[in-house]
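First the structure, in the form of structure tokens, and then the observations on it.
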Amino acid sequence: MRRLEHFPNLVAMFLTRATEKGDAPFLWHKAGGRWVSRSWTETAHQVASMAAALNAIGLTPGDRVMLVSENRPEFCIADLAIMAAGCITVPTYTTNTERDHIHILENSGAKAVIVSTAKLAKTLLPAAIRASTAQIVIGIEDLRANQSGALEFHQWDALLATYAAAPSTIAATAKRDDTACLIYTSGTGGSPRGVMQHHGAILHNVQGCCTIISEDFGWDDEIFLSFLPLSHAYEHTGGQYFPIGLGAQIYYSEGLDKLAANIEEVRPTMMIVVPRLFELLRTRITKAVEKQGKLSTYLLGRAQALGGKKAAGKAGLLDKPMDFLLGATLRPKIQQRFGGRIKALVSGGAPLTPEVGTFFEAVGITVLQGYGQTETAPVISCNRPKAGLKMDTVGPPMPDTEVRIADDGEILVRGELVMHGYWRNPAETARVLQDGWLHTGDIGVIDANGRIQITDRKKDIIVNDKGENVAPQKVEGMLTLQPEIAQAMLFGDRRPYMVAVIVPDSEWTQQWCAREGNACNFARLAENSEYRTALGHAVERVNKELAVTERIRRFVLADEPFAIENEQMTPSLKIRRHVLKAVYGTRLEALYKA
């Protein structure tokens, strides 16, 4: 059984694997309609060259470097090069607004920015020009910048050519306690906080994930298909450093619209995914099976029924003939849709509906649901076959990870995986880190087999179905700044986009009625398309200032203002989310179906 070595830092782990793998393929991307690879050796030379370039153009150990790029080989090379130069990576969402970029640049104090394309630079460059700390911009592709201000521009390929260096020149002196990256995640107040992930935290995660692969599946020549944003802690660790630890190949997906085709072409052994993708794949699989006729549809129904019995622990000897039949007919066909050699799909970032997980298990695809937070680099626990898969749990804690339940039911975590704190935010750090324990803000229990079950969330945050955090108070505050809107509640936990309950401003409504010559009967106004359109314009004004994940697609109008008297607000005038969800939940859910 293979074990991962104890590395001092992430760069050392990469260099060790690069030496072992040599000219074997490592990073793959699509170019001209075909898959093209970079070898481990070629990648190591580019990491060394870019690290030398960063130091040559003025970056020193401890400097922060923002990285804004879609998933591609250069993301991995840049990330490693920044760390090899002794600097700290600040990976940032490609969907961020100019305001988001300014906040992160100012808060992190990033001295340099690496950006992949001219399209992404359109939002980033105005922020970099306005930020007080940014001095250097490196474009992976031609940025076609018309005006630079005080910024110093460099081109990726030119830097690699000018400062060509061998991997042996990389010092890789960072210790496990040293900060590797700042990953920004939204807090309840709205301003993203920079989580200080140290090398040891990510290495701890990689070690635990490699242990699961080795013990439960067998460590082989693994192939990953990278799909989720690498700026997210989940993919950053699970889709980049975990494969590096395994010495695996990484293919970068062309996007959601081509994902199914990419899966069949690449034939991955592992994929890091979010619940929303499972739901999309389940729909596609079901439709494809139904098109094959009554027999296939019947077998799918039997598979789901049997899967439910297995999940409930009620499957018996009489079910074995059908299980055998499904294993010889339906399951191989579905497995081929995933390339035919998938070991497991790892689900994280947001809770997976147990029924969805049971469906995939029933059709022969192993699903490992995990649990974690950006503050834990991010994996805390993961379901694994060896411990017995149970879809309403998130599995036992990772190796060398302590988890306990506080008196109020909150899940607490301790170990090397826990962050050292939030960057330049001692108050929030002190709130969540107490006596070495991370207070996760999640409520849960630990079952008799040591598996964690999440039962509620303490913290006031929305996690969409892609695992991205949205701070509701920020968006609600922006909505209520509009003259048309008095109050608002955001909704979208485990959902593909945000919707809202809106209370129109009474004074604005009176003025609108007078201007339009309408009687101010609110019950009738709620059905008035022109009135709703006017409110929609207010929502759209806010949406222009929000990141894609925060934007409100649809809304319902409240029946009455939120008030203390109807128990929809607290005495301190904070909205009671659970009360509002009880009142408007059905209508909000209907917005996703209409």
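Tabulated data for the structure shown
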read-out	value
Residues located in region 228-253, provided they are farther than 21 Å from residue 465 by Cβ and of a type outside the set (Gly, Ala, Ser)	240, 241, 242, 243, 244, 246, 249, 250, 251, 252
Residue satisfying all of: in region 347-360; buried (at least 24 other Cβ atoms within 10 Å of the Cβ) and among the hydrophobic types (A, V, I, L, M, F, W, C); modelled with the lowest pLDDT among these	352
Contacts under 8 angstrom Cβ, first residue in region 109-133 being under 19 Å from residue 54 (Cα atoms) and assigned by TED's automatic domain parsing to the domain that holds residue 56, partner part of a helix (DSSP H, G or I) and among the charged types (D, E, K, R), 6 or more apart	116/74; 133/106
Flag for residue 117 being modelled with pLDDT of 95 or more and in contact with an Asp or Glu (Cβ under 7 Å, 6 or more places away or on another chain)	yes
Which listed residue, of 418, 413, 363, 379, is farther than 23 Å from residue 232 by Cα and surrounded by 21 or more Cβ atoms within 10 Å (Cβ to Cβ)	363
Candidate set from region 443-462 (those that are within 21 Å of the chain's Cα centre (by Cα) and buried (at least 21 other Cβ atoms within 10 Å of the Cβ)); member that is farthest from residue 350 (Cα to Cα)	452
Any pair with Cβ under 7 angstrom, 6 or more apart, that starts in region 259-283 at a residue that is among the aromatic types (Phe, Trp, Tyr) and ends at one that is buried (at least 16 other Cβ atoms within 10 Å of the Cβ) and assigned to a strand (DSSP E or B)	278/347
Qualifying residue in region 447-466 (condition: modelled with pLDDT under 90, out of contact with any helix residue (DSSP H, G or I) (no Cβ under 6 Å at 6 or more places or on another chain), within 25 Å of residue 590 (Cβ to Cβ) and in a helix (DSSP H, G or I))	no
Selection from region 194-228 of residues that are part of a helix (DSSP H, G or I), over 19 Å from residue 80 (Cα atoms) and not acidic (Asp, Glu)	208, 209, 210, 211, 212, 213, 214, 217
Sole residue being under 27 Å from residue 265 (Cβ atoms) and either surrounded by fewer than 24 Cβ atoms within 10 Å (Cβ to Cβ) or not aliphatic (A, V, I, L, M) (or both), chosen from 108, 39, 49	39
Check on residue 264, surrounded by fewer than 24 Cβ atoms within 10 Å (Cβ to Cβ), at pLDDT below 95 and under 23 Å from residue 387 (Cα atoms)	no
Helices (runs of 4 or more DSSP H) (entirely within region 268-336) containing at least 1 residues that are among the polar types (S, T, N, Q)	275-291, 294-311
Boolean, residue 477 is outside any strand (DSSP E or B), over 24 Å from residue 559 (Cα atoms) and in contact (Cβ under 8 Å) with a residue 40 or more places away in the chain	no
Failed item in (1) within 17 Å of residue 441 (Cβ to Cβ); (2) assigned to a strand (DSSP E or B); (3) of a type outside the set (D, E, K, R); (4) in contact with a helix residue (DSSP H, G or I) (Cβ under 7 Å, 6 or more places away or on another chain), with residue 380 passing the rest	(4)
Options 312, 303: the member that is in contact with a Phe, Trp or Tyr (Cβ under 9 Å, 6 or more places away or on another chain), in the same structural domain as residue 369 (by TED's automatic domain parsing) and aliphatic (A, V, I, L, M)	303
Residue list for region 337-346, restricted to those being surrounded by fewer than 20 Cβ atoms within 10 Å (Cβ to Cβ) and outside any loop (DSSP other than H, G, I, E, B)	337
Residue within region 98-112 that is within 30 Å of residue 469 (Cα to Cα), touching a helix residue (DSSP H, G or I) at 6+ places or on another chain (Cβ under 7 Å) and not in a helix (DSSP H, G or I) present	no
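The values are calculated or read from the model by the stated rules, or taken from the named source; none is laboratory data. In this text, all values refer to a predicted model and were calculated from it rather than measured experimentally. Neighbour counts run over all protein chains shown; Cβ positions are idealised from the backbone, glycine included.
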